[in-house]
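Report on one structure; see the data block that follows.
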Amino acid sequence: MTGFPEFWLRNTSRSLALLPASWLYRVVAAIRRQAYRWGVLQRERVAAPVLIIGNIFVGGTGKTPLVLWMARYLRSMGKHPGIITRGYGGQSKEWPQLVNADSDPYDVGDEPVLLAQRSGCPVVAGPDRVQAARALLEAYGCDVVISDDGLQHYRLNRDLEVVVIDAARGLGNGHCLPAGPLREPRRRLRSVDLLVANGGPSWLTPYYFTLRISRAVSVADDGQSRPLTDFAGEQAHAIAGIGNPDRFFAALGRYGIETIRHPFADHYPFAAKDVNFDDDLPVFMTEKDAVKCRTHAGPRHWAVPAETVLTAETERALKARVRGALERFSDGHRRREQ
């Protein structure tokens, strides 16, 4: 139910058969990017620096934890950051949408609501990143825009590009859609400011972070929490509608929890039947999934928040890139005003 073709991870007869379509996709993607670089298509700048955290791999690679880290870092610098995001899965008929912690995830998407709950920053969701950024600045007066994803939305001018990859999956079989999982060819990574792996070291980059879990929070009553060690030796259901569900299941297993695994596609629209079972076992889910499951939850449903842990080298590199981007924007702004 994860919706991720296994042939995207390795070369098979099926992926090789799709290579002609993949080459065509690469050509179209390259022409589009070059059109923005050469000025045939116009990039649009907004009145604040734009920091993009994106990927070239279809589906989730774990960008959200890094978005939250960047929001905290900018706030520690005395900045007033805001976040723009796609709102994938949201059913609203009007975009962009101003998002708060109580917004309906089925209207605006699950990730925007999670970002609003966890970041303490203004959040705007919308498929048009330029419109979303302008709505953010107009509504909240932010002085930095963090774009959750949007690497391929070239119409929005950007001051920093950070790409997140999944350390376990890497670049899959290395092919672009539809033969593989890449939105752009691997060489695109040469032009980004920083490449960071989620989950551990990677042959692609020395920079990485891990996610640490230690407690479970009641989905029905977020004032109630328990350490995961309380569940050691127990059997439990584990639900994950994220890019790499196996990482979540393995993390629970390290606490001695015997999981009955229920993987779903990223951004899956959960119904009550998906999260309720004919037994009395605990039900664990990711924070992102819990956003959509609150109305279906009872006392046995637990969300598992994750803490981002950067290596010292990665933290130094990220902070240096962020400071450099803000300085470049400030210098360019002064030159444009002269």
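No value in this document is a laboratory result; all are computed from the given coordinates. Please read all numbers here as calculations on a predicted model, not as lab measurements. Don't worry about glycine lacking a Cβ; one is built from the backbone with ideal geometry, like all the others, and counts go over all protein chains shown.
The table for this structure:
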{"quantity": "Relative contact order computed over the chain (Cα-Cα under 8 Å; 6+ residues apart), in percent", "calculated": "20 percent"}
{"quantity": "Under 28 Å, Cα to Cα: Lys pairs in the chain, sequence gap 8 or more or different chains", "calculated": "13"}
{"quantity": "Exposed-loop-free span, longest in the chain, where chymotrypsin sites (Phe, Trp or Tyr not before Pro) count as exposed if DSSP calls them loop and at most 11 other C-beta atoms lie within 10 Å", "calculated": "39-202"}
{"quantity": "For region 262-303: rounded, prolate or oblate by the Cα gyration tensor [a/c cutoff 1.5]", "calculated": "prolate"}
{"quantity": "P(r), alpha carbons of the chain - 20 Å bins starting at zero, rounded %", "calculated": "30, 59, 11, 0"}
{"quantity": "Computed over region 214-305: relative contact order in percent, which uses C-alpha pairs under 8 Å that are six or more apart", "calculated": "38 percent"}
{"quantity": "The chain - charge dipole about Cα centre, Lys and Arg +1 at Cβ, Asp and Glu -1, debye rounded to 20", "calculated": "1760 debye"}
{"quantity": "DSSP beta bridges in the chain [antiparallel fraction, %, rounded to 5]", "calculated": "25 percent"}
{"quantity": "Table column - 3J(HN,Hα) (Hz), region 229-237, Karplus curve with 6.51, -1.76, 1.60, x for Gly and Pro", "calculated": "4, 5, 9, 4, x, 8, 8, 8, 7"}
{"quantity": "Burial ranking of peptide ranges 216-222, 133-139 (average Cβ count within 10 Å, highest at the top)", "calculated": "133-139, 216-222"}
{"quantity": "Phi to ³J(HN,Hα) by Karplus 6.51 cos²θ - 1.76 cosθ + 1.60 over region 255-270, Hz, x for Gly, Pro", "calculated": "8, x, 8, 7, 9, 8, 8, 10, x, 10, 5, 4, 6, 4, x, 5"}
